[in-house]
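See below for the structure under consideration.
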Amino acid sequence: MKRRLILFSLLALAVGCAGLVAGRALGPAQVWEVLTGGGDPLARHVVLRLRLPRSLVALGAGASLGLAGLVLQSALRNPLAGPEVTGVTPGAVLGAVTATGLGLAGWQSPAAVVVAACAGGFAGAGLLWLLTGREESDPVRTAVHGVLVSAVLSGLTAMVLLVAPGELGSVVQWLVGSTEGRVWEHWNLLWPWTAGWSLLALALAAPLALLRCGDDQAAAAGLNTGRARAAALICAVALTAGAVSAVGAMGFVGLLVPHLAFALFGADPRTALPGAALLGASVVGGADAASQWLSRLLAEVLGADRLSVPTGALTTCVGAALLLVVARRSVKEET
Amino acid sequence: MIQAERLSFGYPGRTVLDGVDLTVSDGELVALIGLNGCGKSTLLRLCAGLLRPGAGRVLLDGDDLAGLSRRAAARRVALLHQSAPSVPGMTVRQLVRQGRYAVRGPLGMLRDGDDEVCVRAMADVGVGGWADRPVDALSGGERQRVRLALALAQDTRVLLLDEPTTYLDLRYQLEVMRTVVRLRKERGLTVVMVLHDLGHAARFADRIVALREGSVVADGPPDEVVTPGLLAEVLGVAGRVGRDPVGDWPVCYPDHPLEGPNPLRNENHIH
């Protein structure tokens, strides 16, 4: 497992580097020149002020989402749980959009966006909790309620957008998930937040392993299940909110990365958690690089200079395909 | 030593246990029997501190369980539930390791090592050979032994087992029972087990405690307690009781359910 973790760290690194060189205007040679201290002022600006923070934000947000998904699935003992389908991500988006619409937060005040996204995330999760109740219900029921809550929250977000369309341009990015235009300010806010909550998630590895074994077993082994689950949910919401405020609702990452992480790094959260962080980082970082590359390609083919493919659209498309595979496999396992 | 004093427990509109007294001495193997819903599983959970009694208390070597934290209680009492959901991909070693949580705590569990207890627990139930196999891939009997190893990994003096032989083939039932009896002897464990099969109780237990509608109706060694009267009163069946020709323990020959609608029937399983 250690070797795999190292391997996937290298993958995340490689993906980050790919993000640096995939964009328009500058090729790998020029990027290398800048990184080694040379290059003309424009190239330096593009690489150090635009591409580097953008890649880092993509990696950090991806790691957050991967972790949040794994924590959520373990704590709820539900393979269909993910921040996207438990009301957490749509809630966070609603929070961010509303705060922006009301003028309380915006492009210039990312910290306020984090707070608003957190509040929204908790509200979304709380709404689901009210609907499903405290009783441990079956995964499918929770998933159905989660989809319901998510739909309602997305509807509310659309209403906010219609009522306050002033900042539409900066707001839409939260809906699809985008890494476009992320700068150091975002990274400076994202990394301490992500690092802190990631450490908490790691500290929760043992309780999460027990929660996966079922509440009866966990309690018999000495775990205060209520408290452990609450801590895990807070951690998942905070990680999701951090990612959403940085890159928006990056579709399916939190739902699918945990499946990959458990398959690749085993059922022990001690390795699955860092694994999920690395996988999430690789997926979003990869999608970021791919979207830049696609944008460049489209620009060349269509001659459209300002066209950019949102990263979230890519993760959603790939994720949908993967979800199909996971769903088919879990059906097979049950029969 | 476990002392349950005038234990009562219930849900709104339903009394599950009504003033139960139970004392289990160190090193004793006690079997709890009774119909479904008579409160035996609830009694076991109260003795593990997993439920808070409505009235009365449970003393563990003189300490009130209600005053112990979940972790402190789990360091002294291990309970094996009747069934547990499967965890996809989890190996035998990983599952058994979960039993160390109470001793090591959330951060201690992050470290490796201190696994002798787990190794011994797996060896004790004969699952050491498949430590790295996923639990999902095992048969029902094997899985039950792995779960027994998890409870043993808690390294407690008291072991509570809730129907450890249900759903198992006879061969595996005997295997689990034999393992428990052997461990009890080797380690001086105090064991309380809910048993569905009166035959196992009569064969292996030092003492049988029979529950009916939340009260103790019989309590004593199998020789004294296993009688046609017990079959009728506790299990609602007519039958005879004989002796094993070789070992001389009591053997039941149940014949037919007693006439009329059974007032004891209660399908509300408490889980």
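None of the figures in this text is laboratory data; all of them are computed from the coordinates on show. These numbers come from a predicted model, not from an experiment. Cβ sites come from the backbone with ideal geometry, for glycine too, and all protein chains shown count toward neighbours.
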Residue-normalised 222 nm signal for chain A, counting each DSSP H run of n ≥ 4 as -39,500 (n - 2.57), nearest 500 deg cm²/dmol, is -25500 deg cm²/dmol
Under the Karplus relation with 6.51, -1.76 and 1.60 and θ = phi - 60°, whole-Hz ³J(HN,Hα) for segment B:168-175, x at Gly and Pro, equal 9, 5, 3, 4, 6, 4, 5, 4
What the Cα atoms of segment B:90-215 span along the principal axes, largest first and in whole Å, is 46, 29, 28
With segment B:1-148 reduced to its Cα atoms and the Debye formula applied, log10 I(q)/I(0) at q = 0.20 1/Å amounts to -1.24
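For peptide B:77-83, what's the mean number of Cβ atoms from other chains within 10 Å of each residue's Cβ?
On the way: counts 2, 3, 5, 3, 6, 1, 3.
Rounded to a whole number, the mean comes out at 3.
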Computed for segment A:232-335: size of charge dipole around the Cα centre, +1 on C-beta of each Lys and Arg, -1 on C-beta of each Asp and Glu, debye to nearest 20, value 100
Any residue on another chain or 5+ positions along whose placed amide H is under 5 Å from the amide H of B:ARG212 is listed here as B:VAL217
Across A:261-267, the residue-averaged tally of Cβ atoms belonging to other chains within 10 Å stands at 3
With a Förster distance of 35 angstrom and the Cβ-Cβ distance between A:ASN224 and B:GLU224, calculated FRET efficiency to the nearest 0.05 equals 0.25
Everything considered on the Cα gyration tensor (a ≥ b ≥ c; rounded for a/c under 1.5, else prolate if a/b is larger than b/c, else oblate), the protein assembly as shown must be described as prolate
Taking only the alpha-carbon positions of chain B as identical scatterers, the Debye log10 I(q)/I(0) at q = 0.11, 0.12 Å⁻¹ comes out as -0.63, -0.75
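Under the rule of -39500 (n - 2.57) per DSSP H run of 4 or more residues, summed and divided by the residues of chain B, what mean residue ellipticity at 222 nm is obtained, to the nearest 500 deg cm²/dmol? Before the final figure, lay out each step's value.
On the way: 9 runs with 80 residues, N = 271.
Counting only the DSSP helices, I get -8500 deg cm²/dmol.
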Long-range amide H partners of B:ALA238, meaning residues 5 or more apart or on another chain whose placed amide H is closer than 5 Å, are B:ASP255, B:HIS256, B:LEU258
Ranking A:VAL149, A:TRP184, B:GLY229 by how far each Cα lies towards the positive end of the charge dipole of the protein assembly as shown (+1 on Lys and Arg Cβ, -1 on Asp and Glu Cβ), the top one is A:TRP184
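Which percentage, to the nearest 5, of the DSSP beta bridges contained in chain B is antiparallel? The partial results should precede the final answer.
Numbers: 27 of 44 bridges.
Expressed as a percentage, antiparallel bridges in chain B total about 60.
Note the full-extension length gain between B:ARG120 and B:ASN36 as 0.36 nm times their separation in residues minus their Cα-Cα distance, in nm to one decimal.
Values: separation 84, 0.36 × 84 = 30.24 nm, distance 3.44 nm.
Going from the current span to full extension adds 26.8 nm.
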So for R0 = 56 Å, FRET eff. of B:GLU5-A:LEU200 from the Cβ-Cβ r, to 0.05, ends up at 0.85
At q = 0.13, 0.20 1/Å the base-10 log of I(q)/I(0) from the Debye formula over the alpha-carbon atoms of segment A:211-335 is -0.69, -1.24
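When the expected Rg is taken as 2.2 N^0.38 Å, what fraction or multiple of it is the alpha-carbon Rg of segment A:2-334? Walk me through the intermediate numbers first.
Numbers: Rg = 19.6 Å, N = 333, 2.2 N^0.38 = 20.0 Å.
Rounded to two decimals, the normalised Rg is 0.98.
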Any helix of chain A counts here only if DSSP assigns it H throughout, its Cα atoms span 30 Å or more along the axis, and its mean Kyte-Doolittle hydropathy is at least 1.0, and such helices are A:52-76, A:110-132, A:139-163, A:225-247
